[in-house]
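Colleague: Take this structure, written in structure tokens, and hold onto it; I'll ask about it next.
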Amino acid sequence: MIAILGLALAFFLVLAVLIVVAGIVIYNRLVRLRTTVRSSWSDIDVHLKKRYDLVPNLVETVKGYATHEKSVLENVTMARAAAMKATSPADKAKAENMFSETLKSLFAVAEAYPQLRANENFMQLQQQLKELEDNIAHARRYYNAVVRDYNIMIETFPSNIVAGQFRFEKSEFFELEAAVERKPVKVSFS
């Protein structure tokens, strides 16, 4: 009888230790994922800051050639300011979409000025912006992948118990706001 009680006590003691160790492992993984989410969001901010710094140079270059396109240049400047003020992923995504649209209009204006397109400074700025856009797209994909993993960890059993106990909250995805950007692109050579 004492042997059975000792065996049962040992079993429950081992079970308690396993539960505590599993809780620690889950907690550490949640902390690591949350930190990675924050770090990847910071990476997006770094790329966006580079783009915000590049755009005034681009606007100034275009200004010299397209003096009567003042409204386009003002729209780019206002959209840049709005994007810089946004903080949450949802607000940032919305502001970034508006900013991207105004940049498209800036390049449409540039298309009307062959001498501007031939300007070496403009071409370098345009290439830098293209590279930054690629980096931003990559950083967004990485951020969303990390957010996905983190949110799955928060919602699945048994990690949802640890997440609830320590108040881990879901993170927002960086999503497209504009319905136009979700539609397939039409290509026409006519």
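Colleague: Please pick out the residue among Val37, Val72, Val21 that is among the hydrophobic types (A, V, I, L, M, F, W, C) and closer than 22 Å to Gln126 by Cα.
Modeller: Just one listed residue meets the conditions, Val72.
Colleague: Against the definition (surrounded by 15 or more Cβ atoms within 10 Å (Cβ to Cβ), modelled with pLDDT under 90 and not in a loop (DSSP other than H, G, I, E, B)), how does Leu132 come out, yes or no?
Modeller: No, not satisfied.
Colleague: Go through segment 150-167 and give me each residue that's part of a helix (DSSP H, G or I) and surrounded by fewer than 14 Cβ atoms within 10 Å (Cβ to Cβ).
Modeller: Across segment 150-167, the qualifying residues are Ile152, Glu155, Ile161, Gly164, Gln165.
Colleague: Quick one: is Glu155 of a type in the set (Asp, Glu), over 23 Å from the mean Cα position of the chain (by Cα) and farther than 18 Å from Lys49 by Cα?
Modeller: When the stated conditions are applied, Glu155 does not pass them.
Colleague: Still on this structure: In this structure, does Val147 turn out to be crowded, with 16+ Cβ neighbours inside 10 Å, under 12 Å from the mean Cα position of the chain (by Cα) and β-branched (Val, Ile, Thr)?
Modeller: Judged against the criteria, Val147 is a match.
Colleague: Give just the number: which of (1) more than 30 Å from Glu169 (Cβ to Cβ); (2) among the aliphatic types (A, V, I, L, M); (3) free of Cβ contacts under 8 Å to residues at least 12 places away in the same chain does Leu125 not satisfy?
Modeller: (3)
The values are calculated or read from the model by the stated rules, or taken from the named source; none is laboratory data. Please read all numbers here as calculations on a predicted model, not as lab measurements. Cβ atoms come from the backbone with ideal geometry, glycine included; neighbour counts cover every protein chain shown.
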